[in-house]
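The values are calculated or read from the model by the stated rules, or taken from the named source; none is laboratory data. Model, not experiment: these values are computed from the prediction. Every residue, glycine among them, receives a Cβ derived from its backbone with ideal geometry; neighbour counts consider all protein chains shown. Heavy atoms of the whole protein, side chains included, go into the accessibility calculation; ligands, DNA and RNA do not. Shrake-Rupley method; radii C 1.70, N 1.55, O 1.52, S 1.80 Å.
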Amino acid sequence: MVLLMSLKAGGVGINLTAASNAFVVDPWWNPAVEEQAVMRIHRIGQTKPVTIKRFIIKGIVEERMEAVQARKQRLISGALSDQEVRSARIEELKMLFT
């Protein structure tokens, strides 16, 4: 059986412990959104090993989105100063639209 849903729908209060595989094909700029959707499979009651696969196509916006996610993870970790945060936001916008 296969259940197809958008990343946003997968991250909204549902329990997907019947699943054992997740394929992320629509990355989001905020890594927390992806993580929340994927963690719906890792809930209490999960009895099977879970596999998560991300598909990123090289040379298009998804690849750039992955770079933005990496920057967001560093921001979350507190690794950047306020000035670096400001310049990172500008660079993210430039990267997405070039």
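None of ARG54, ARG43 is at pLDDT below 80 and open to solvent by 90 Å² or more (accessible area, probe 1.4 Å) except ARG43. Within region 1-40, the set of residues being among the basic types (Lys, Arg) and open to solvent by less than 70 Å² (accessible area, probe 1.4 Å) comprises just one member, ARG40.
Here is a yes/no grid of residues against (1) in a helix (DSSP H, G or I); (2) at pLDDT below 80; (3) touching a helix residue (DSSP H, G or I) at 6+ places or on another chain (Cβ under 9 Å); (4) under 27 Å from LEU4 (Cβ atoms):
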| site | (1), (2), (3), (4) |
| --- | --- |
| PRO27 | no, yes, yes, yes |
| GLU34 | yes, yes, yes, yes |
| GLN83 | yes, yes, no, no |
| SER87 | yes, yes, no, no |
